[in-house]
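Notes to accompany the following structure.
The values are calculated or read from the model by the stated rules, or taken from the named source; none is laboratory data. This structure is a prediction, so every number in the text was calculated from the model and none was measured. Counting neighbours? That spans all protein chains shown, and the Cβs are built from the backbone with ideal geometry, glycine included. SASA here: full protein model, heavy atoms, side chains in, ligands and nucleic acids out. Shrake-Rupley method; radii C 1.70, N 1.55, O 1.52, S 1.80 Å.
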Amino acid sequence: MTANALKKRIDKMCSLVSFTYRGKDGHIDPYSHTEYLLWYDGEEMTVDSIEKVMDTPFFCGKTLTEIAGEIIDTAQ
């Protein structure tokens, strides 16, 4: 998945976006356009914009933009 496609999917606010990265579970839970929960391997953080969702180095020290092509979508 490209970073742009992932950003658009999260920004639709439809549902939780779950994935695995480096064998560990993660997800993005968009509560509103000003509150998003980032969760990865038991750790969590709340950010206030889609830009921060994409650009915060939260996933093994990398941003969602950096890892977008490597994640495995687990939402089925």
What is the percent carbon and sulfur in the accessible area of the chain, measuring with a 1.4 Å probe over the protein chains and ignoring ligands? 49
Local electrostatic count, Thr34, Cβ distance below 13 Å [Lys/Arg +1, Asp/Glu -1]: -3
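For Cα pairs less than 8 Å apart in space and 6+ apart in sequence, what is the mean separation divided by the residue count of the range 8-76, i.e. the relative contact order in percent?
This gives 28 percent for the range 8-76.
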Close lysine pairs (the chain; alpha-carbon distance under 16 Å; 8 or more apart or on separate chains) counted at 6
How much net charge surrounds Glu43 when only the other residues with a Cβ under 15 Å from the Cβ of Glu43 are counted, with Lys and Arg +1 and Asp and Glu -1? -1
Is there a quick way to get the dipole size of the chain? I mean about its Cα centre, with the Cβ of Lys and Arg at +1 and of Asp and Glu at -1; what is the value in debye to the nearest 20? 260
For Thr56, other-chain or 5+-apart residues with amide H closer than 5 Å (H placed, Pro excluded) are Leu64
Karplus 3J(HN,Hα) series, Hz, for the range 44-51 with 6.51 cos²θ - 1.76 cosθ + 1.60 (x for Gly, Pro): 9, 7, 10, 10, 10, 7, 5, 5
